[in-house]
Amino acid sequence: MSAAEQDLHPSPRNPLVAAPDQAAGSAAPAPVGGLPLEPALAPDVLSPLQAALELLPPAPPLSELAAVNPLAGLDHLRFEDAAVVAAHVFGADAYLPLGAYRDAWASGRISADDLRQAFAHRAAAAPGGAPRPHDPVVTDPRVEVTDVLVADLDIAPEAPAPARQPMTPAEWWDAATGDAVRAEVDRRVDQWVGLALGLTGARLRGPVERHGLFAAWCDAAARDRSLPAAARHRVAALHGAPEAAIVEALVRLGVPDSDVHDVVVGEVTARPGWAARLAWEAAHGRYRRPPLEALAELVAVRLGLTMALLPTGAAAPGAPEPAATAAGAVVGPPPEARAWAVAVHLGVEPRPEVLEAIGAVLSHLGPERRALWHAALEAGPRRALVDALLPLGTRPRRAAAVARPRPAAQVVCCIDVRSEALRRHLERLGDYETLGFAGFFGLPMAWRRLDRDHAEASCPLVVEPSVEVSERAADPHDAAALRRRRHGVAGLASATTGAAKGAVSPYLWAEAFGWVAGPAAAARTLAPTAAARLAGRGGRGGDRRSGAVEVDLDAIPVRARAELAEGALRTMGLTSGFAPAVVLCGHGSTTTANPYEAALRCGACGGRDGTDNARTMAAVLQDPEVRRALAERGIAIPDDTVFVAAGHDTTTDRVALVGPPPAGLPRRSVLERLAADLAAAGDAVAAERAGDLPGARPGSARRARRRAWDWAEPTPEWGLAGNLAFVIGDRSLTRGTALGRRAFLHSYDRDADHDGALLTGILAGPALVTQWINAAYHFSVTAPDVFGAGSKALHNPVGVAGVLSGPDGDLRLGLPRQSVAAEALVHEPLRLLLVVDAPLERVERALDGAERTRDLVVNEWVALVARDELGRWWRRAGDGWQPTSPTPPTLPTLPTPTTPPSPTTAPPEPRGATHVPH
Amino acid sequence: MAVAFAASIVAAAAVVATPRLELVLADDRPWRLAVGVDRLAGVLVVLVSGIGLVVQTYARRALRFDPSAPGFLRWSLALTGASLLVATAASPLVMALAWCAGGVAVVRLVATTRIAAGGGGDALRRPIAVGDAALVLALAVLVAGAGAVDLQAPGEVAAAVGGGWPWYLAAMALVVAVASRSAQQPFHAWLPATVAAPTAVSALLHAGVVNAGAVLVLRLGGMLEPFPGAWLVLAGLAAWTMVTSVSAMAVTPDAKGVLVRSTAAQTGFLLLTTAAGAPVAAVAHLVGHACYKAGAFLGVGGVVSARHRATVIDPPRPGRAAALGLAGLAVAAPALVLGASVAWLPGYDPSLVLVAFALGTAAVALAGWLRHRPDARGVLTGVAATAVLVPAYVALLAALGAYLEPSLAGAATVDGLGWPALALAGVAAAAPAVATRIARHVPTPHLEDAMFRFALGAARPSTPALVPVRVPVRERAVGEVRR
């Protein structure tokens, strides 16, 4: 998340920010343009900068890429309102185009039931009465609610795509005169921001490092021959703190005070990619300073350049009127006209009472009709998913299963959607019990590989690492040899990079190495798998797999280890009934020449391979001292239970145990059988996936696997595309159901968590992460130009910071087109559905403890359904709960419980239940 | 495309037997249409069709479902065909047609993708158009003066050239054509503009387009022979490009931009090598660099995984004496091996400055290795690798020289230009890097700032800044607000 909580600390270059112990106004302000400016008259640029900082999405670099919600700064607003703001500020659409909904209705993708359900949900949240979805709107001729909605969609005018409103002086000028000043400003400033970020290839960034972005730019621009002399003079007049320069530029441009906020926010959001990366690097990366200061420098450079290029006072004229149909300002026809048009389209005589009834229906639609239609689009798959879940009592839940004989093994997978397929196939192969848990296995750790000198965080983006874990040679005698081998690899890299980047060496190096590189490139294109095997990459992680390298836990004291272990086991619900083998399966991904490779790896580990966390937790749980401490805390692990780690490569679907067989294992065959079953399950998953991948043959696991090594393949795997729901509940809810790799699955035992603390934890953490993933895919589809990264063929990586499309432009945010679409759209932008198998009051209490998730639910960024004691599913709507499907009048008033009702107690009434009257 | 590649292999092999195969389509002088495969053309067609095959296979997957895919297929075939014709052209008319066709294909290839801001435009079309026109002019003078000369017969072009100002004009026009297609200053802006096209296009450009300038020099160098001034201009432009491109690389953040500017510098080195009268070295550089860059472009997305997989450990710190000894070894070992291989391998006569470049490269590589492995086994491995790889490379060059000898026997040179040209290359190559190192270690902030500004200027494409000075808006007094 962006460092919005960063303090504004006074710096010597920041005279407009008074130190906290100084009275405001007692500090002498810097004179601007020769006139001493009193603080009261200086336009406030800091609060718009703060607002802009909050608007920017968090933008981690490619090396840590985990999906983030690009509108994370707007999730305190209702989804529809956030859509309006996003359209204004970024030009980003939050819904599909109108034609998509028309096609969906025409093809039957949206059914009448879906439409009614969406309408009921919307109407229930509105104050006052609402037409019931099954009642006819007009009785003679019979007109249903659905007819009105469809007619309204049919006659809706084609709105132009949302476009950013002109907010900056350069944009005003361009709109008024037809010039391209904004493009020029963008082009020049992008290069400077790239230098400030300290990216590979840009080795000569000394001035930016030394003086900061703004000062370096001032100095260079004042002598830049490609700017006209007048512009250079104007730039030379700027100096001092960025905030003072902003004020001076605003004054020179003649921007009225009322527009200052919009101008500053507009300058920041004009290039959201670069600005967001700059803010991130300022908070966490190499350009370390308060993010507000970095943004102030950016705005100062942009406004300074605008001021230099435009004549004085050029921004004084009023902003051009936004087009009437610009997005955001969805001003449709007045309600009466709309109702009248619908009536005419339906062929109904527009009598006053008819118009009133139709108007009542349309009033719930609002000007943005796509909001309801999108909800209708979501209704179908959501209902199908909930219907697919096994009813209460079908299979005994975990707690009740303790009395059963132990399963052959328990496999703990990440909540990732791709694990769902693995778990399904594995359970078919033997008596395995699978659980879902966040892929970092509860370890907020920084991981130091054996061949690295520094540690990298291996936990979710929102968690700070608190322990450092490293690797070491399992056999101390091997340490020297391993070290020498690592030095050899580094030596080879140093030789080749040194030759390629030296002074006189690159010329003959390119020539000499080219004779090798050419055939290598040919091999990698024409026969990728063979080339990879030849290069030794076919069997990755040899050392780790064979156990020559092991985890070094010495940096973590035993008590800390025990705490981490206990936390993980309790959240998993694995406190008793341990199987002889418990496998912790982390997942990673293998792709070649893919700048977005971190997006395919484990998001819970910050875009890294989760196998390292699995190995660490397995080592912790194998530690006898930890087991003793756990026994003291009430978790008794039997002596014959072993914890092993496994790694699931989601591109090749190879699942293998990692590390040497644990010592003292009485039955080795258990592990061998387990390894064989894991590999077979992986093969089954690969065959299942092969049909979905573009260009692969259905059922051919080999062709699906080849994509991991193919550098020309833009879609090596679909990753998390198609994600639909996050199911929090026991495996008895989903066992055996084919969810099509569309659901995140987290284990949760509703009978073991009476105070709701575990549920609160799950809703506060993993639910937020999955919503971010869902939103990243959503906006990559609906706003591909702003929050999507375009076609991979044009991608031009900028160090590890991000990608450009082509030689210049904005740094791309979001996911590339080939991650969400093949020939047609593959990922439907359906908002996340949280499915919680817990009583409704407990869910309410847990939401109170997880405020951010609560806001997301209330503001309709996610939908939440929960199951009560009788097994009925209720959806959270407004302030209360609603049954998930509006019951048509022909059904009896009380739904038949699916479990034998308890004899004496009546089903408890959910708090604030909104019953749709039958 | 696979067929073309196979055919080119066959042709290159056939040409080993007979030094030249010619196909005459129309012998109506001066409109003679003839293509031929001689030794040099054999090497070039294998290169062009090989890279074309790899890039097409790559594009079939990378551009799957991309709207630019049909356009790419069409124009990449056209470009490859044009490049093949340039390599095998035996008459001026064919050369002119193929050259212009290649230019058109490049522009159309980049236009298959429409990016909102960028996408070629004038920066792409103008230098290419200028180069095309210049070549047509030069060839027109040649044909007017000497009829349809056989471009592949060694020495025939040089024999056909006369004196006087038309030939001087033709020579300068040839220099312009070479410089423009090779993305040298002042025609360097078109190559960065091609980054707006898909990766496959960038890779394809290095097969035959960027090299075409050097091919032109090798074939038509005879037109420059009587005019050392033209050679000097060419050498000067190439050296200047080397300096500016390397400086621009230092302030370019994007990976493809770095590769493109590096290409400009490498092509400058290539032209300097041809100007210096070392055609075999030039051809070796042409082929090697083309393969290197094509592979680099196709794998440009691997920047992130390279960083992710890289082994990052501090090199061991040997004592001062040991460090000095290792540094000395890093220079001495390649020097000895290089000297020995050059002296004992028959038939290879490299110019001394090229040898200096080779020594520098080998020394830097060996030093990089020894930095991490200063132990005994590391030293042995490094020296052994040098002792194997360096002579192998020299032998490869010697073999290439022997193969190409019939075609390049009459390659044009200017007496006395060899040494200065390559010395210029050395200075041009070293200058930016040396200056950077000085600026970093000697506390001269102004020098670094000046270099920074120079590099920024070099990195910016030369499209003029858009300044709306012509719009007649009255300058308002500050503070007036009109709503």
Residue list for region A:117-172, restricted to those being acidic (Asp, Glu) and surrounded by fewer than 17 Cβ atoms within 10 Å (Cβ to Cβ): A:ASP135, A:ASP140, A:ASP154, A:GLU158
Which numbered condition A:ALA696 misses (of (1) assigned to a helix (DSSP H, G or I); (2) buried (at least 20 other Cβ atoms within 10 Å of the Cβ); (3) without any contact (Cβ under 8 Å) to a residue 24 or more places away in the chain): (1)
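Residues A:GLY518, A:GLY498, A:GLY514: which one is closer than 30 Å to B:ARG437 by Cα, at pLDDT 90 or above and facing chain B (nearest Cβ under 10 Å)?
The match here is A:GLY514.
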Flag if A:ARG845 is charged (D, E, K, R), closer than 30 Å to A:ASP103 by Cα and more than 14 Å from every other protein chain (Cβ to nearest Cβ): no
Residue within region A:503-511 that is of a type in the set (Gly, Ala, Ser), at pLDDT below 90 and in a helix (DSSP H, G or I) present: yes
Some residue of region A:279-296 being away from chain B (no Cβ under 14 Å) and aromatic (Phe, Trp, Tyr): yes
B:LEU63 at pLDDT 90 or above, more than 25 Å from B:THR199 (Cα to Cα) and not β-branched (Val, Ile, Thr): no
Index of the failed condition, A:ARG484 passing every other in (1) without any contact (Cβ under 8 Å) to a residue 40 or more places away in the chain; (2) more than 7 Å from every other protein chain (Cβ to nearest Cβ); (3) within 38 Å of the chain's Cα centre (by Cα): (3)
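Yes or no: region A:442-462 includes at least one residue that is under 24 Å from A:GLY740 (Cα atoms) and either touching a residue at least 60 places away in the same chain (Cβ under 8 Å) or away from chain B (no Cβ under 14 Å) (or both).
No.
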Whichever residue in region B:362-384 is loosely packed, with under 15 Cβ neighbours inside 10 Å and part of a helix (DSSP H, G or I) and, among such residues, is nearest to the other protein chains (Cβ to nearest Cβ): B:ARG377
Test: residue in region B:219-234 that is closer than 20 Å to B:VAL260 by Cα and at pLDDT 90 or above: no
Complete set of residues in region B:33-89 that are over 23 Å from A:TRP515 (Cβ atoms) and aromatic (Phe, Trp, Tyr): B:PHE65, B:PHE72, B:TRP75
B:ALA333 being small (Gly, Ala, Ser) and closer than 30 Å to A:PRO61 by Cα: no
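Please return the ranges of strands (runs of 3 or more DSSP E) entirely within region A:813-881 where 2 or more residues are under 15 Å from A:ILE762 (Cα atoms).
In region A:813-881, the matching strands (runs of 3 or more DSSP E) lie at A:833-836, A:863-867.
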All positions within region B:263-292 that are of a type in the set (Ser, Thr, Tyr) and within 7 Å of chain A (Cβ to nearest Cβ): B:TYR292
Restricting region A:784-801 to residues that are buried (at least 23 other Cβ atoms within 10 Å of the Cβ) and more than 9 Å from every other protein chain (Cβ to nearest Cβ), the residue that is farthest from A:PRO714 (Cα to Cα): A:VAL786
Search result, residues across region A:149-186 that are at pLDDT below 85, more than 25 Å from A:ALA86 (Cβ to Cβ) and either outside any loop (DSSP other than H, G, I, E, B) or of a type in the set (D, E, K, R) (or both): A:ALA176, A:THR177, A:ASP179
Within region A:80-109, tally of residues that are assigned to a helix (DSSP H, G or I) and either out of contact with any His (no Cβ under 9 Å at 6 or more places or on another chain) or among the acidic types (Asp, Glu) (or both): 19
In region B:293-350, the residues that are assigned to a loop (DSSP other than H, G, I, E, B) and more than 14 Å from chain A (Cβ to nearest Cβ): B:GLY319, B:LEU345, B:PRO346, B:GLY347, B:TYR348, B:ASP349
The lone exception for B:ASP314 - which of (1) buried (at least 17 other Cβ atoms within 10 Å of the Cβ); (2) of a type in the set (D, E, K, R); (3) over 26 Å from the mean Cα position of the chain (by Cα) it fails: (1)
Cβ-Cβ under 7 Å pairs, at least 6 apart or on other chains, region A:247-260 side more than 7 Å from every other protein chain (Cβ to nearest Cβ) and part of a loop (DSSP other than H, G, I, E, B), far side surrounded by 22 or more Cβ atoms within 10 Å (Cβ to Cβ) and hydrophobic (A, V, I, L, M, F, W, C): A:VAL255/A:VAL263; A:VAL255/A:ALA315
In region A:337-373, the residues that are of a type in the set (Val, Ile, Thr) and either buried (at least 20 other Cβ atoms within 10 Å of the Cβ) or at pLDDT below 85 (or both): A:VAL342, A:VAL348, A:VAL354, A:ILE358, A:VAL361
Residue satisfying all of: in region A:334-373; of a type in the set (Asp, Glu) and part of a helix (DSSP H, G or I); farthest from A:ARG109 (Cα to Cα) among these: A:GLU353
Unmet criterion (only one of (1) more than 27 Å from A:VAL826 (Cα to Cα); (2) touching a helix residue (DSSP H, G or I) at 6+ places or on another chain (Cβ under 9 Å); (3) buried (at least 16 other Cβ atoms within 10 Å of the Cβ)) for A:VAL685: (1)
Residue, nearest to the other protein chains (Cβ to nearest Cβ), within region B:51-73, restricted to residues that are of a type in the set (Gly, Ala, Ser) and surrounded by fewer than 24 Cβ atoms within 10 Å (Cβ to Cβ): B:SER68
Meets criteria (under 30 Å from A:ALA764 (Cβ atoms) and either touching a helix residue (DSSP H, G or I) at 6+ places or on another chain (Cβ under 9 Å) or of a type in the set (A, V, I, L, M, F, W, C) (or both)) for A:SER466: yes
Answer from A:PRO807, A:PRO797 - the residue that is farther than 21 Å from A:ALA279 by Cα and not in a helix (DSSP H, G or I): A:PRO807
Lone unmet requirement of (1) out of contact with any helix residue (DSSP H, G or I) (no Cβ under 6 Å at 6 or more places or on another chain); (2) more than 9 Å from chain A (Cβ to nearest Cβ); (3) of a type in the set (D, E, K, R) for B:ASP254: (2)
Residues that are more than 9 Å from chain B (Cβ to nearest Cβ), in contact with a helix residue (DSSP H, G or I) (Cβ under 6 Å, 6 or more places away or on another chain) and of a type outside the set (S, T, N, Q), drawn from region A:165-189: A:PRO166, A:MET167, A:PRO169, A:ALA170, A:GLU171, A:ASP174, A:ARG182, A:VAL185, A:VAL189
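The values are calculated or read from the model by the stated rules, or taken from the named source; none is laboratory data. As the structure is a prediction and not an experimental result, all values here were calculated from the model. Quick reminder, even Gly has a Cβ in these numbers, built from the backbone with ideal geometry, and neighbours come from all protein chains shown.
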